[in-house]
Structures are given as C-alpha cells and as structure tokens.
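The numbers here are math on the coordinates, done by the rules we state, and not lab data. Nothing here was measured: the structure is a model prediction, and the numbers come from that model. Backbone-built Cβ (ideal geometry, glycine too); neighbour counts: all protein chains shown.
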Amino acid sequence: MAVDLFAEAGFQSVVAVGFCGGLRSEVSCGDLILPHAAVRGDGASKTYVPESYPAACSPTALAAALRCAAEGDQQLKTGVIWSTDGILRETRDQVERWHDAGCLGVDMETSALYTVASVHGINAVAILVASDNVFECKHTDLNYLRRGWQAATGLAVAICTDLASGS
C-alpha cells in the first residue's frame, strides 16, 4: 500500500528499514542485510504480476546503498532473502529449503516492496536488521538488535540523501 501511495504522490525512490530472521550461520542478531533480491513467497506481489516476475531492488538504489555503506564504513551482508506471509510461521522444512538455496534471511515485506516498486518504476532498496537466526535457533539479543536498528536507520537516511541528490 505504501509503495502504491508513494507512486501516486510522485515519489521516485523508497528506502525501507525492517527486520529479518537469519538463515545462514554467518548472520547474527543485529547484522545488517542488504537484499538485492527476494524469493516471492508473499501473497501481495502475486496480485500485481505473474509468479515468474523477479523481486529485485533497483540498480540505482543498490548502488546508492553500497556507496553509502562504504562511505560510512558500515558492514553489510548482501544476497537474496526469502519473503513469506506469516510472521514466525515458517516450518523447519521451509527454513532448511531456503537455507540450502543460499538465502541470507527471511522477512515478510521485501519481495512485495521490490515487486510493486518495479511495477511503478520506483527505485527501491531495503536494509534489514537480523533479529535472530531461525536456521540455528538463536534468539534475539536486544542490545545487538538496538545497535543494528540504529545503524540501519542512519544508513537509510544516507541512502535517501544520496538518491535525492542524484549521485
């Protein structure tokens, strides 16, 4: 809904900050994930385009995010994530399937964000904070989560500024 409204209002870019569960051993609570693409397991994006349509961030927004992270000496893990409809509803089989496929994490919004933004011709990128690691059954550490959230929001502001300036 937000991306549809942003498109109607004439926005050219959107930067989202959210949470994900880690699916790889190297993903710990508080880590920042920059998904360049998402497996479309959500229901919303299917109402916009066929299932074969990719959910990928825009090259412009990806370049801005990588540039801002490098300038701020911010560590990011980049790769593909899996988006699903139900919070904390993934089964062990699903977790293992998407881990084995190489996905870094699981969230609920990124595939819809990227798909709908692409349909509207809007630059989009998401910065996700790992809240836990569902593959390794490691729980949330609020101190790490807080630091990750602060880093992600600061990075998001830098990306918005970069995109607005047309760097």
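Some observations on this one:
- The residue that is farthest from the chain's Cα centre (by Cα), among those in the range 60-85 that are under 22 Å from Gly41 (Cα atoms) and not polar (S, T, N, Q), is Asp85.
- Any hit, the range 74-91, residues being among the small types (Gly, Ala, Ser), farther than 15 Å from Val129 by Cα, in contact with a Pro (Cβ under 8 Å, 6 or more places away or on another chain) and in contact (Cβ under 8 Å) with a residue 40 or more places away in the chain: no
- All positions within the range 119-156 that are under 19 Å from Thr78 (Cα atoms) and without any contact (Cβ under 8 Å) to a residue 40 or more places away in the chain: Gln150
- Lone qualifier among Val95, Val17, Val27, Val39 - being under 20 Å from Thr140 (Cα atoms), among the β-branched types (Val, Ile, Thr) and in a strand (DSSP E or B): Val17
- In this entry, Leu88 passes the filter for residues that are over 25 Å from Phe11 (Cβ atoms) and either outside any helix (DSSP H, G or I) or within 17 Å of the chain's Cα centre (by Cα) (or both).
- Verdict on Thr110 being touching a residue at least 60 places away in the same chain (Cβ under 8 Å), within 30 Å of Ala9 (Cβ to Cβ) and either surrounded by 21 or more Cβ atoms within 10 Å (Cβ to Cβ) or touching a helix residue (DSSP H, G or I) at 6+ places or on another chain (Cβ under 9 Å) (or both): yes
- Ala63 aliphatic (A, V, I, L, M), surrounded by fewer than 20 Cβ atoms within 10 Å (Cβ to Cβ), under 23 Å from Ser28 (Cα atoms) and out of contact with any helix residue (DSSP H, G or I) (no Cβ under 8 Å at 6 or more places or on another chain): no
- Odd one out for Trp149, checked against (1) outside any strand (DSSP E or B); (2) under 17 Å from the mean Cα position of the chain (by Cα); (3) closer than 18 Å to Trp82 by Cβ: (3)
- Sole exception among (1) assigned to a helix (DSSP H, G or I); (2) in contact with a Lys or Arg (Cβ under 8 Å, 6 or more places away or on another chain); (3) not acidic (Asp, Glu) for Tyr53, by number: (1)
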